[in-house]
Amino acid sequence: MFEYPEFATLTRQMNDTLQGKRIRSGQLGNSPHKFVWYNRSHDEFERLTKGKTVGEARAKGKWLFVPLNPGYVLLLGECGGKVLYHPPDSQVPKKYHLAITFEDDTFLTATTQMWGAMELYERGEEQERQYVKGMRTTPAEPEFTFEYLCTLIDDPATGEKRTAKGLLTQDQLIPGLGNAIAQDILFRARLSPKFPVADLSPDQARALHRAIVDTVREVTEKGGRYDEVDLYGQRGGYERMMDKNAVGRPCPECGGEVKKIQYLGGSCYFCPSCQV
Ligand SMILES: [Zn+2]
């Protein structure tokens, strides 16, 4: 699944490659998939996208906003899989959940892996969507300061009884993070996934803040994670330190064995010696 750095990478590439292109035809999927969230019928989507021009895309959390001017915004969110740009005369993927052909014969397809939103809104309405409306501060924004993280930790509604992994991955408390990037954040902060947030010392909280901001920035600068592909079908440049390939191998810090546990709806990879 994409996390913020993958959406940010797609955004940057869309702005290089798609901005200013005019749509000849927009189509929803050719492959039924009950976990794709659409808000338009096939006919509506085709009618409303025809003749529109791609504006400047932006990403926030796990959402990608693509203005289709005048008047509309395409919203892709909470998805994984492939969002691909195709030069003229490329082969159309067999299965897709969205395909947009431009007047210069280039096209864009999106195929989600598990679930995800592919929705079209009148401009402004997208801000009212569940999970977009009221989204908390994200680590890519300057407002995500150490003091801000402390308010999340200290607030009984968000911090109390939560563990470090829970703080990073549950309830959209820190939008844009997911189970993949959370592993490396916890390793860098030297915290076990089950460490109780209420017990963080000021130094540990500061290390966690630094790990969140630095990891998000580094993965974004490297074009996303190695196990995801970008708009051009190229793998991202960020190789995770703590993932399934690390299990049973020496920890990069202490040489101890990296372990795997199942916890909070996903696998955790961590070093029991380094991460308290
Ligand atoms: Zn270690």
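The three principal axes of the Cα atoms in the range 43-145 give end-to-end lengths of 47, 28, 23 Å, sorted in falling order. With the charge dipole of the range 83-202 set up from +1 on Lys and Arg Cβ and -1 on Asp and Glu Cβ about the Cα centre, the Cα lying farthest toward the positive end among the listed residues 132, 192, 111 is that of 192.
Summary of the geometry: the range 227-276 and the range 37-98, compared by the centres of their Cα atoms, lie 32 Å apart.
Subtracting the Cα-Cα distance from 0.36 nm times the residue separation, let me have the gained length for residue 69 to residue 128 in nm, one decimal.
Full extension of this stretch gives 19.3 nm more.
What the chain shows is 47 Å² of accessible area per residue, with the surface traced by a 1.4 Å probe over protein heavy atoms.
Can you tell me, using C-alpha contacts under 8 Å and at least 6 residues apart, the relative contact order of the chain as a whole percent? The partial results should precede the final answer.
On the way: 556 pairs, mean separation 49.8, N = 276.
18 percent.
Its Cα centre serving as origin, the range 81-203 has a Cβ charge dipole (Lys and Arg +1, Asp and Glu -1) of approximately 700 debye. If you bin all the Cα-Cα distances of the chain at 5 Å, starting from zero, the percentages per bin are 1, 6, 12, 16, 17, 15, 11, 9, 7, 4, 2, 0.
Placing unit charges on the Cβ atoms only, positive for Lys and Arg and negative for Asp and Glu, gives the range 1-111 a dipole magnitude near 220 debye about its Cα centre.
Using a 1.4 angstrom probe with every protein chain in place, what is the largest-first accessible-area order of 12, 190?
Values: 12 110, 190 75 Å².
If we order 12, 190 from most to least accessible, we get 12, 190.
Listed peptides 90-103, 68-81 appear in the order 68-81, 90-103 once ranked by packing, highest mean of other Cβ atoms within 10 Å at the front. Three principal axis extents of the range 128-230 based on alpha-carbon atoms, in descending order, are 38, 36, 23 Å.
About its Cα centre, the dipole of the chain is roughly 560 debye, where the only charges are +1 on Lys and Arg Cβ and -1 on Asp and Glu Cβ.
Averaged over residues, the count of other Cβ atoms within 10 Å places the peptides 104-116, 33-45 in the sequence 104-116, 33-45, highest first.
Using a probe of 1.4 angstrom, how much of the accessible area of the chain is carbon and sulfur, in percent? Don't jump to the answer; show the numbers that get you there.
Values: 6180 of 13040 Å².
Of the solvent-accessible surface of the chain, carbon and sulfur hold 47 percent.
The values are calculated or read from the model by the stated rules, or taken from the named source; none is laboratory data. Here the structure is a predicted model, which is why all the values come from computation and not from measurement. With ideal geometry, Cβ positions are generated from the backbone for all residues, glycine too; neighbour counts draw on all protein chains shown. The accessibility values were calculated without ligands, DNA or RNA, using every heavy atom of the protein model including side chains. Shrake-Rupley method; radii C 1.70, N 1.55, O 1.52, S 1.80 Å.
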